[in-house]
Amino acid sequence: MSSRTAKLMCLLGLGAACLLVVACNSTPSTGPGAAVTTAKEEEAPAGPPLFQQLTPDCGVNWTYRNGEEAGHLAILESLGGGVALIDYDGDGLLDIFIPGGGYYSKKAEEFTEFDKKGKPVLKDGKKVRKSDPPEILGHPCKLYRNLGNWKFEDVTDMVGLNGKWFYTHGCAIGDYDRDGWPDLLVTGWGRVALFHNEPVDSNDPAKGRKFVDVTEKAGLTGIIWTSSAAWGDLDGDGYPDLYICQYGDWSWDNDPNCQYDGVTDDVCPPKNFSGLRHKMFLNQGNGTFKDVSESVPVLNAKGDGKEGQGLRPGAKDASKGLGVLLVDVNGDRKPDIYVANDTVNKFLYINRSTKGNLRFEEVALYAGVATDDRASPNGSMGLACADYDGCGRPSLWVTNYENEMHALYHNECKKTPEGKDSIFFTYRTAAAGLGVIGQMYVGWGTGFLDIEHKGWEDLVIANGHAIRYPTGQGSKRQQRPVLFRNLGNGKFVKWTNEGGDYFRTEHLARGVALGDLDNDGRIDLVISHMNEPVAVLRNVAPTAGNHWLGVQLVGKDYADVVGAKLVLEAGGRKQTRFAYGGGSYASSSDRRHVFGLGKTDKIDRLIVTWPDGSEQHLDAPAVDRYHRLTQGQTRSPAN
């Protein structure tokens, strides 16, 4: 980019892009010769371990497998899978759903010609075939029922999830028909699957629940390759709509041979493929969805007032979606859509819809959240949001590829004197102390959580390389996870060594789900790996008498609550939480909100602003318990 272009972007006030004037002649933040941070790497004070690994003794014993043993080195194998936390049976305990991944019907040597040195034979740059392409098949997925006391039971067969599976990646939880029971969406190669949660016997609730595949009936078709997904009511009718990330145009006919060191064959990078247009499905309110991916009006963010039709199209330098987060970034109570794309600009669709009419404005570049602080697109995977510094607005967090900083975008959105939106973020990774881990990690699942109930949300990141044989100096395939402690002053300090045994070992991690599995108010973790059993981590952090408050939001007539905001007033300060959809990577976390209170044992009040604009107050709720707050209900019973 020329310095003239950079200066022009700065004059337009385009968020992180303003740093380009000084960055144009600096060392690039990605690629060969990338700068590696030299910030002092400080650790939080030593103390007892924060998490205890319980698998496999707790009964959860499942491994996501990507089929790499066949030797194809397909990019399909690099995405891995996520985890979903879902109270499917309504007993008040979060259960665990885990995608299984997939495999191939043939090994590489059965499909591809190899020379005497074991290298694929190429003709016109393509691998020479010796047979028809392998079928891409799926391993089973698993559902583990939470029995309490840190024991889980495999109920996959019992609930009807034992059918023929496709190659799976992610999962998302949402009550799409507003019957009060959470439903399950699973993403992957060639299709998605929507499972309706319904009683085994409508006349006898004691017989339990089951999942019924309603994908075709619901109209969720036209899928090529999906990763993460998110539910949220985008048009204000109360029914959750669906945004699904699609990745790239890899296929057996588009499967080049790639190397990073000039010698060793490996999984190809995303730049070898064109991105696919993502999918948006409008909930019709009758159990079916309408694909509006190519028809939804999207305002041109160039400011010329013109509208395009459809989500941003896929291309060589566009799309390639891996993560999605639905959250209200500008305070109008409408869920906006933030999308992590791989090696290309991220998307931020600001929701300009009116009830029953979808309309968006894509502003990521102009808002400063499409690229890093040097205007370079990143290999972005995981997403999270939080009011990490007490400003009252949701800032955005993105995990990125090696030789890149993870990105913290501070939310500066406000109304102009003319009453218009100013959608603007500033890049705060280094300023917040999050650059101290350097650029050696490939980050995936992530999330904010107040580990010690001190009143400030900390940060967890799961890591693992995307390729088979990393070539960078010091780069490894298996990598340690990372914890950051929020100091409460807008800064974080590295906390990984205090995490416990799991955080001292290396893993090939992907999805992370955050949730309170035993209802003690402390947020636990479930982390999925590739070709390694899933990890269930119990939060055992000493809270030293700190108090907490948990809140579960329930919309009127089970309307979707994504876009709602919670403000807790206690101890002379305010804490803010946001109801969101999606997040992390290919995973679905506990949607209850937990506020740490420190030593404060009395709460002044909780204020909830619902997506329809109505406000609801809960005065002096009791601490150290969960409260179920139903829209319009004057008093909420404690759980």
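Annotations
- Applying the condition of being of a type in the set (Gly, Ala, Ser) and surrounded by fewer than 20 Cβ atoms within 10 Å (Cβ to Cβ) to segment 616-639 and asking which residue is modelled with the highest pLDDT yields Ala622.
- Test: residue in segment 604-615 that is open to solvent by 40 Å² or more (accessible area, probe 1.4 Å), among the small types (Gly, Ala, Ser) and not in a loop (DSSP other than H, G, I, E, B): no
- Of residues in segment 468-483 being crowded, with 21+ Cβ neighbours inside 10 Å and touching a helix residue (DSSP H, G or I) at 6+ places or on another chain (Cβ under 8 Å), the one farthest from Cys258 (Cα to Cα): Leu483
- Just one of the numbered conditions (1) of a type in the set (Val, Ile, Thr); (2) more than 30 Å from Ser228 (Cβ to Cβ); (3) crowded, with 21+ Cβ neighbours inside 10 Å is not true of Val128: (3).
- Subset of segment 385-402 [open to solvent by 10 Å² or more (accessible area, probe 1.4 Å) and either at pLDDT below 95 or among the hydrophobic types (A, V, I, L, M, F, W, C) (or both)]: Cys385, Cys391
- Scan of segment 535-546 for residues that are at pLDDT 95 or above and open to solvent by 10 Å² or more (accessible area, probe 1.4 Å), ordered by number: Arg538, Val540, Asn546
Let's see how each residue does on (1) under 21 Å from the mean Cα position of the chain (by Cα); (2) open to solvent by less than 30 Å² (accessible area, probe 1.4 Å); (3) of a type outside the set (Asp, Glu); (4) closer than 26 Å to Gly275 by Cβ:
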residue	(1), (2), (3), (4)
Asp91	no, no, no, no
Ile96	yes, yes, yes, no
Gly118	no, no, yes, no
Asn162	no, no, yes, no
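- Listed by position, the strands (runs of 3 or more DSSP E) enclosed by segment 480-528 that each have at least 1 residues that are within 20 Å of the chain's Cα centre (by Cα) are 482-486, 509-515.
- Out of Gly613, Gly632, one residue alone is over 28 Å from Gly445 (Cα atoms), within 27 Å of the chain's Cα centre (by Cα) and not charged (D, E, K, R). It is Gly613.
- Filter pass, Arg374 being open to solvent by 10 Å² or more (accessible area, probe 1.4 Å), touching a His at 6+ places or on another chain (Cβ under 6 Å) and closer than 28 Å to Val482 by Cα: no
- All conditions but one from (1) at pLDDT below 95; (2) open to solvent by less than 60 Å² (accessible area, probe 1.4 Å); (3) assigned to a loop (DSSP other than H, G, I, E, B) apply to Gly308; the one that does not is (3).
- Selection of segment 311-339 for residues being hydrophobic (A, V, I, L, M, F, W, C), touching a residue at least 60 places away in the same chain (Cβ under 8 Å) and in a strand (DSSP E or B) yields Leu322, Val324, Leu325, Leu326, Val327, Ile337, Val339.
- Lys271 being basic (Lys, Arg) and farther than 19 Å from Gly219 by Cβ: yes
- Of all residues in segment 418-465 being at pLDDT below 95 and either of a type in the set (Gly, Ala, Ser) or buried (at least 24 other Cβ atoms within 10 Å of the Cβ) (or both), the one that is nearest to the chain's Cα centre (by Cα): Gly438
- Answer residue from segment 57-66, given it is open to solvent by less than 10 Å² (accessible area, probe 1.4 Å) and within 23 Å of the chain's Cα centre (by Cα) and is farthest from Glu110 (Cα to Cα) among those: Val60
- Any hit, segment 140-159, residues being closer than 22 Å to Ala70 by Cβ and part of a loop (DSSP other than H, G, I, E, B): yes
- As a summary of the residue check, Ile223 satisfies the conditions (1) of a type in the set (Val, Ile, Thr); (2) in a loop (DSSP other than H, G, I, E, B); (3) open to solvent by 30 Å² or more (accessible area, probe 1.4 Å) except for the one numbered (3).
- Reported count of residues in segment 469-487, each being of a type outside the set (Val, Ile, Thr) and touching a residue at least 60 places away in the same chain (Cβ under 8 Å), is 7.
- Residues within segment 83-98 that are over 13 Å from Trp181 (Cβ atoms), of a type in the set (Gly, Ala, Ser) and assigned to a loop (DSSP other than H, G, I, E, B), tallied: 1
- The residue list Arg129, Arg145 contains one member that is without any contact (Cβ under 8 Å) to a residue 24 or more places away in the chain and in contact with a strand residue (DSSP E or B) (Cβ under 7 Å, 6 or more places away or on another chain), which is Arg129.
- Every condition in (1) under 30 Å from Gln552 (Cα atoms); (2) part of a loop (DSSP other than H, G, I, E, B) is met by His196 except one, and the failing one is (2).
- Elements of type strands (runs of 3 or more DSSP E) in segment 547-599, at least 2 residues being modelled with pLDDT of 95 or more and among the small types (Gly, Ala, Ser): 593-598
- Considering residues of segment 342-366 that are touching a helix residue (DSSP H, G or I) at 6+ places or on another chain (Cβ under 9 Å) and not in a loop (DSSP other than H, G, I, E, B) only, the residue surrounded by the most Cβ atoms within 10 Å (Cβ to Cβ): Asp342
- Candidate set: segment 370-406, residues that are among the aliphatic types (A, V, I, L, M) and over 20 Å from Tyr247 (Cβ atoms); chosen: the one farthest from the chain's Cα centre (by Cα): Ala375
- Cross-chain or 6+ apart pairs with Cβ under 9 Å, segment 406-420 first and farther than 29 Å from Ile461 by Cα, then at pLDDT 95 or above: Lys414/Asn330; Lys414/Gly331; Lys414/Arg393; Lys414/Phe424; Lys415/Asn330; Lys415/Gly331
- Restricting attention to segment 181-205 and to residues that are among the small types (Gly, Ala, Ser) and surrounded by fewer than 16 Cβ atoms within 10 Å (Cβ to Cβ), the residue that is nearest to Ile98 (Cα to Cα) turns out to be Gly190.
- Screening Glu153 against (1) open to solvent by less than 50 Å² (accessible area, probe 1.4 Å); (2) among the charged types (D, E, K, R); (3) farther than 30 Å from Lys290 by Cα leaves a single unmet condition, (1).
- Of all residues in segment 273-297, exactly one satisfies the criterion of being over 23 Å from the mean Cα position of the chain (by Cα) and buried (at least 17 other Cβ atoms within 10 Å of the Cβ), namely Val296.
- Residues of segment 234-258 classified as in contact with a Phe, Trp or Tyr (Cβ under 6 Å, 6 or more places away or on another chain) and either outside any strand (DSSP E or B) or among the aromatic types (Phe, Trp, Tyr) (or both), total: 4
The values are calculated or read from the model by the stated rules, or taken from the named source; none is laboratory data. Keep in mind it's a predicted model, so treat the numbers as computed, not measured. Glycine gets a Cβ as well: all are built from the backbone with ideal geometry, and neighbour counts include every protein chain shown. Remember, those area values only see protein heavy atoms, side chains included, never the ligands or the DNA or RNA. Shrake-Rupley method; radii C 1.70, N 1.55, O 1.52, S 1.80 Å.
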